[in-house]
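What follows is a single structure, written as structure tokens, with notes after it.
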Amino acid sequence: MNQRALVEAAWAMLPKAYVPYSHFHVGAALLTADGEVFTGCNVENASYGAAICAERTALVKAVSEGKRDFQAIAVVGGRDGVVTDFAPPCGICRQVLAEFCGPDFLILLAKSPEEIRVFRLEELLPEAFGREKLSE
Ligand code: THU
């Protein structure tokens, strides 16, 4: 799958975001190692801290379906679902992605289907805390 198609899959999730508090819609599309795509949107809650981001929605959907190997995620977002800028993943999402994705996992941010910035996970989460820190 090409980068633009993954971005478009993320874009298609914007109307599904449940965002009565922030009005900031986020869509994500996660590409598995075997070429499947799992999408997600953010889902907010009256208890604000209970909100889940679009990236983690997509990841949890995929893991709960038995997927654990991933190539890339596309993320788009904007107020009222209108994308005017890049929407980088929050710190919690970077950490949760790092649980399953290696340093070369790609994060695609887009502000239009043509304007795509690509980062490696290691660039967005250097010196990550991972499972290896827990032993010894
Ligand atoms: N949000 C995401 O879905 N992903 C991120 O990585 C950053 C923030 C959501 C959470 C909340 O619903 C809204 O954007 C405003 O913070």
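Observations on the structure shown:
- Taking the longest Cα principal axis of the chain as reference, the axis of helix 91-100 is set at about 50 degrees.
- Helix 54-64 vs. the chain, principal-axis angle (Cα, 0 to 90°, nearest 10): 50 degrees
- Calculated diffusion of the chain, Stokes-Einstein form, Kirkwood radius summed over Cα pairs, 4 °C and 1.567 mPa s, µm²/s: 87 µm²/s
- Spatially proximal lysines relative to Lys16 (Cα-Cα < 16 Å; intrachain offsets below 8 disregarded): Lys61
Every read-out reported here was derived from the displayed coordinates using simple, explicitly stated rules and does not represent laboratory data. Everything quoted here is computed from the prediction, not taken from an experiment.
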